[in-house]
1. Please name all residue pairs, on different chains or six or more residues apart, with Cβ atoms under 8 Å, provided the first residue is in the stretch 50-69 and is surrounded by 12 or more Cβ atoms within 10 Å (Cβ to Cβ) and the second residue is assigned to a helix (DSSP H, G or I) and among the acidic types (Asp, Glu).
2. Looking only at the stretch 1-14, count every residue that is part of a loop (DSSP other than H, G, I, E, B) and either closer than 13 Å to Val95 by Cβ or aliphatic (A, V, I, L, M) (or both) and tell me the total.
3. I'm checking my understanding of the structure. Among residues of the stretch 18-40 that are more than 17 Å from Ala107 (Cβ to Cβ) and surrounded by 14 or more Cβ atoms within 10 Å (Cβ to Cβ), which one is farthest from the chain's Cα centre (by Cα)?
4. Quick check on the stretch 15-73: of everything there that is hydrophobic (A, V, I, L, M, F, W, C) and not in a helix (DSSP H, G or I), which residue is farthest from Leu101 (Cα to Cα)?
5. Output the residues belonging to the stretch 39-60 that are polar (S, T, N, Q) and within 16 Å of Tyr91 (Cα to Cα).
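A short reminder: the numbers here are calculations on the coordinates, not readings from a lab. Quick caveat: nothing in here was measured; it's all calculated off a predicted structure. Cβ atoms come from the backbone with ideal geometry, glycine included; neighbour counts cover every protein chain shown.
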Amino acid sequence: MPLTGPAIHKVMRCLYPRRNDYGTASFDELVPELTRFGVITVGRFERLMKRHRRQLLVIDQSPMNTEYIEFARECGADIKDAVRRGYWFAYPALVRTAAELEWGEAAAMRENR
C-alpha cells in the first residue's frame, strides 16, 4: 500500500501515545521527505517507526532544557500540559526524529529547504 499522509497518521496512532497526536502539521508533507530514503509503502514506514520506537519514547520523555521551553513558548505553543506530563513531540516530529536516527544528518530538516 503506497504511503500517504492519512496512512502515516493511522500508523502513528497505533504505535505511539495519543497524547503526542496534537498540532496542525500536515502528515502529507512527510511523504516526500520519507520517499527520499525509499520509504514509499505503509509497511516500510511501519517498520521504521517500530525499529526506533523505544528510543523515540525515551527522547520524547526526556526533560527539555529551559531554552527549548522558552523557544516553544515564543512560537506560541501551549506547553503547560507537556511540561506537567513529560512529553514533547507531536507525531510529525517523532517521524522526523526517526528519520534522523535511521539516516543521520542527511534526514535532518533545515529552515532553508
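1. Qualifying pairs under 8 Å: Arg51/Glu102; His52/Glu102.
2. Matching residues across the stretch 1-14 total 2.
3. Step by step, filter the stretch 18-40, then rank; the result is Tyr22.
4. Once the filter is applied, the top-ranked residue is Ala25.
5. Gln55 - this is the single residue of the stretch 39-60 that is polar (S, T, N, Q) and within 16 Å of Tyr91 (Cα to Cα).
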